[in-house]
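A.B. asks: Below is one structure. I have some questions about it.
The values are calculated or read from the model by the stated rules, or taken from the named source; none is laboratory data. None of these values were measured; they are calculated from a predicted model. For neighbour counting, all protein chains shown are included, and Cβ atoms are generated from backbone atoms with ideal geometry for every residue, glycine included.
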Amino acid sequence: MAEPDASADAAAGDPPWLSLALHGESEIPTAYFDTATSVAETIRNDPRWRAWWSQTEPRDLTLEVGLNPRAERNNFTTRKARLWASFRRDSSRFGGLNKNTLAYLAATDLESFLTLAATFLNLPAHPSVPLPSHATPPTSRRDAARTRLEELRRRHGKNTWRSSHVASLR
């Protein structure tokens, strides 16, 4: 007997098994928000993910993500065949990140949230989370500062400030 087609279930009007709610005290960067919702939609419609989630008792998973400057925490509650997974993440980590890095952060956050939910329910490892093609991992702040310094030196000459400063001291 053939396995039911998950996309046919979605087309037949079955409610989605995965919901994502993002909120914060300040504005959520567009690149983060757009990537998180897009990746969640891709996961929700993927038959491999539906098959993975079908191994558990809760029929639905709601990921609620609060982005604010408070301490990070995770909370899980099961009610009426639904797992509510609530996560709080520090919004200050968005500072200075470009669109591609924010996209990477959104995808890896979703992977982390889904892994924590799987662990809570004792589920096997989930399928891989799709990473958008434009997503790039962040560089360490030190590497970014070093790159910026090298760029400034190339533009303005290696020791321009030092040479002129030393000359004025003589």
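A.B. asks: Within region 97-107, is there a residue that is crowded, with 16+ Cβ neighbours inside 10 Å and β-branched (Val, Ile, Thr)?
C.D. replies: The answer is yes; a qualifying residue exists.
A.B. asks: Looking at (1) assigned to a loop (DSSP other than H, G, I, E, B); (2) over 20 Å from Pro16 (Cβ atoms), can you tell me which one Gln55 breaks?
C.D. replies: (2)
A.B. asks: Residue by residue through region 43-95, note down the ones that are β-branched (Val, Ile, Thr) and free of Cβ contacts under 8 Å to residues at least 12 places away in the same chain.
C.D. replies: Matches in region 43-95: Thr77 only.
Residue-wise test of (1) assigned by TED's automatic domain parsing to the domain that holds Asn45; (2) crowded, with 17+ Cβ neighbours inside 10 Å; (3) in a loop (DSSP other than H, G, I, E, B); (4) out of contact with any Lys or Arg (no Cβ under 7 Å at 6 or more places or on another chain).
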{"position": "Ser86", "(1), (2), (3), (4)": "yes, no, no, yes"}
{"position": "Ser92", "(1), (2), (3), (4)": "yes, no, no, yes"}
{"position": "Phe113", "(1), (2), (3), (4)": "yes, yes, no, yes"}
{"position": "Ala118", "(1), (2), (3), (4)": "yes, yes, no, yes"}
{"position": "Val129", "(1), (2), (3), (4)": "yes, yes, yes, yes"}
{"position": "Ser133", "(1), (2), (3), (4)": "yes, no, yes, yes"}
{"position": "Thr147", "(1), (2), (3), (4)": "no, no, no, yes"}
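A.B. asks: Working only within region 86-109, note down all residues that are charged (D, E, K, R) and closer than 18 Å to Ser26 by Cα.
C.D. replies: Within region 86-109, Arg88, Arg89, Asp90, Arg93, Lys99 qualify.
A.B. asks: Residue by residue through region 63-80, note down the ones that are of a type outside the set (Gly, Ala, Ser) and in a strand (DSSP E or B).
C.D. replies: Residues satisfying the conditions are Leu63, Glu64, Val65, Leu67, Asn68, Arg73, Asn74, Asn75, Phe76, Thr77, Thr78, Arg79.
A.B. asks: Check whether at least one residue in region 79-94 is of a type in the set (A, V, I, L, M, F, W, C), under 21 Å from His134 (Cβ atoms) and either modelled with pLDDT of 95 or more or in contact with a Gly (Cβ under 7 Å, 6 or more places away or on another chain) (or both), and report yes or no.
C.D. replies: No: region 79-94 contains no residue that is of a type in the set (A, V, I, L, M, F, W, C), under 21 Å from His134 (Cβ atoms) and either modelled with pLDDT of 95 or more or in contact with a Gly (Cβ under 7 Å, 6 or more places away or on another chain) (or both).
A.B. asks: For region 16-39, give me each residue that is in a loop (DSSP other than H, G, I, E, B) and either in contact with a Phe, Trp or Tyr (Cβ under 6 Å, 6 or more places away or on another chain) or surrounded by fewer than 18 Cβ atoms within 10 Å (Cβ to Cβ) (or both).
C.D. replies: If the condition is that a residue be in a loop (DSSP other than H, G, I, E, B) and either in contact with a Phe, Trp or Tyr (Cβ under 6 Å, 6 or more places away or on another chain) or surrounded by fewer than 18 Cβ atoms within 10 Å (Cβ to Cβ) (or both), then Pro16, Trp17, Glu25, Ser26, Glu27, Pro29 are the ones that fit.
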